[in-house]
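What follows is one structure encoded as structure tokens, with my remarks underneath.
The values are calculated or read from the model by the stated rules, or taken from the named source; none is laboratory data. From a predicted model like this one, the values you see are computed outputs, not experimental measurements. Every residue, glycine as well, gets a Cβ built from its backbone with ideal geometry; the counts of neighbours run over all protein chains shown. All accessible areas refer to the heavy atoms of the entire protein, side chains included, with ligands and DNA or RNA removed. Shrake-Rupley method; radii C 1.70, N 1.55, O 1.52, S 1.80 Å.
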Amino acid sequence: MAGPDERREVLFEFTAIGTVMKVAAIDAATGIEVTVMGPSHASRADLQKLALAKLRNRLARSENR
């Protein structure tokens, strides 16, 4: 696994569902995917940061197994 200083390629997918925006963050190397949902009026940057934080947390749990 990559260390905290190593850059990883992360893909983001934004899907509007009514008044909600669903954001998927996918680690390109492992295929691990997480999703978050927030209000559609929230900034895309904020939703992307939230999804990235959740993905990093998930990847860290995978490293510790």
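Quick notes on this structure:
- Qualifying position, being surrounded by 10 or more Cβ atoms within 10 Å (Cβ to Cβ), touching a strand residue (DSSP E or B) at 6+ places or on another chain (Cβ under 9 Å) and modelled with pLDDT under 95, among R8, R44: R8
- Scan of segment 47-65 for residues that are open to solvent by 80 Å² or more (accessible area, probe 1.4 Å) and not charged (D, E, K, R), ordered by number: L50, N57, N64
- Positions within segment 24-41 being farther than 14 Å from R8 by Cα and either open to solvent by 30 Å² or more (accessible area, probe 1.4 Å) or modelled with pLDDT under 95 (or both), in sequence order: T35, M37, P39, S40, H41
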